[in-house]
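Novice: Structure provided below as structure tokens; questions to follow.
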Amino acid sequence: MSLHAELHRHLGGAVVPRVFWRYLIRTGHPLARQFPDYEEFEAFVTRPRSSLAEYLELHALVEPFQTLDTLPYFVSKLVRGAYVFEGICYLELRHTPFYRTDPALPLNDRIAQMRDVILAIGEAGYDPKFPLLMRQILCMHSQLPAEVNRAMLTLAREMPHYVCGIDLAGPDIYYAARMDELAGLFGEARAEGIKTTGHVYETADGFHPRLLPLLSRIGHGIQIPLRFPELLDEVAARGQCLEVCPTTYLKTGTLPDLSSLRTVFERCEAAGVDVIICTDNAGLHNVRLPWEYENLLTQDVINFDQLTACQDAAFRHAFAWPHPHPPRVLLDAIVSASPGIGSFSAPNTSQGELL
Ligand SMILES: [Zn+2]
């Protein structure tokens, strides 16, 4: 039984480097000539960047490959990998559908094609051999025209079987100039009961208190406990959680190492704010979800009790997990009811019976 929920993963960063590189080689893409050896390609995509903006350029590299024709290939591979290698049973996969439409089409036709992109991803996301529940979060983008962002809100409203929420993504240096538009869209979403998350309080350009009350969950938000701990009480009162993606902060240069995340976990726990551990871009980082957990444990950032609390909280804050309990509780019910459990100290049980 798979055990984990992943709430923050981008489609553009979810394909592992080897699958992407093999695709480039097989299709004879010019990029394959630039990187004839896999190791060089892996080093190129996984090396740390100097800023969030430079880091996000990697998405721009991958997105043109994710077309209506190729999405079934990439999505089915990433779902299979998440289930088999990461033990993920619930995945919220986020993306900006506009960037998967045909760039040769006029704007209105590209907006219309976003519906097909969502359908293609949704259909490719289910494989009975790897029964993972996948839902999509649509990422409004700080560099896209207003009508494209509005169209995403419309699609979230009209396609609830595929889409479980909306997000705000893209370089956060562009948020401030568009704050009226963005706050308006997120306010509408909340008024209609559509779930929301947003990349805020990750870097110094993402401090936007106006957006905070409009979010069901906070994408990253690590600077709230680190630099604005006075906001934690209101975050707790709204029942919001932080989606913390440890490896991202090393790749973007936001944090020098993971040790400062200890403060994030401690202050959130003290204030009653849940923290969810996520990967953001497991493929581009080449760090899968269990390794995010293990890195935090072995570097003494959190202990096992804190990890279990984060894992359970992920199911509570999931936008579309259909059960009141995480699978850990279901599995425990099965194991604890099995013959032999709890009987090892029974006085009249012989060694032979136990074996
Ligand atoms: Zn993200």
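Values quoted throughout were computed directly from the atomic coordinates according to the rules given, and no laboratory measurement underlies them. The structure presented is a predicted model; accordingly, all values stated were derived computationally and were not measured. Cβ placement follows ideal geometry from the backbone for every residue including glycine, while neighbour counts extend to all protein chains displayed.
Novice: Do any trypsin sites (Lys or Arg not before Pro) in segment 71-130 lie in a loop, going by DSSP, with at most 13 other beta-carbon atoms within 10 Å of their beta carbon, and if so which?
Specialist: Answer in residue order: Lys129.
Novice: Also, quick follow-up: So for segment 116-269, what percent of the C-alpha to C-alpha distances run longer than 18 Å?
Specialist: When every Cα pair of segment 116-269 is considered, 60 percent fall beyond 18 Å.
Novice: Here's a follow-up. For His141, which sequence-distant residues (separation of 5 or more, or a different chain) have an amide H within less than 5 Å of its own amide H, given hydrogens modelled in the peptide plane?
Specialist: Ala169
Novice: Could you please state, rounded to a whole Å, how far the C-alpha centre of segment 285-340 is from the C-alpha centre of segment 86-107?
Specialist: Comparing the Cα centres of segment 285-340 and segment 86-107, I get a distance of 26 Å.
Novice: Give me the angle, in degrees from 0 to 90, between the Cα long axis of helix 71-86 and the longest principal axis of the Cα atoms of the chain, rounded to the nearest 10.
Specialist: Value to nearest ten degrees: 20.
Novice: Let me ask you something else. Where does helix 179-191 land angle-wise versus the long Cα axis of the chain, in degrees 0 to 90, nearest 10?
Specialist: Approximately 50 degrees, to the nearest ten.
Novice: Tell me which of Gly272, Gly12, Ala104 sits at the most positive position along the dipole axis of the chain, charges placed on C-beta atoms (Lys, Arg +1; Asp, Glu -1).
Specialist: Ala104
Novice: Now for a different question. Expressed as a rounded percentage, what relative contact order does segment 4-322 have, with Cα pairs under 8 Å and six or more residues apart?
Specialist: It comes to 21 percent, rounded to a whole number.
Novice: If you wrap a convex hull around the C-alpha atoms of segment 4-322 and split its volume per residue, what is the figure in Å³?
Specialist: Dividing the Cα hull volume of segment 4-322 by its residues yields 128 Å³.
Novice: Which whole-angstrom value gives the distance between the alpha carbon centres of segment 132-161 and segment 223-269?
Specialist: 26
Novice: Please say if segment 213-329 is rounded, prolate or oblate, where rounded means a/c under 1.5 for a ≥ b ≥ c the square roots of the C-alpha gyration tensor eigenvalues, and otherwise the choice is prolate for a/b larger than b/c and oblate otherwise?
Specialist: Details: a/c = 1.45, a/b = 1.08, b/c = 1.34.
The shape class here is rounded.
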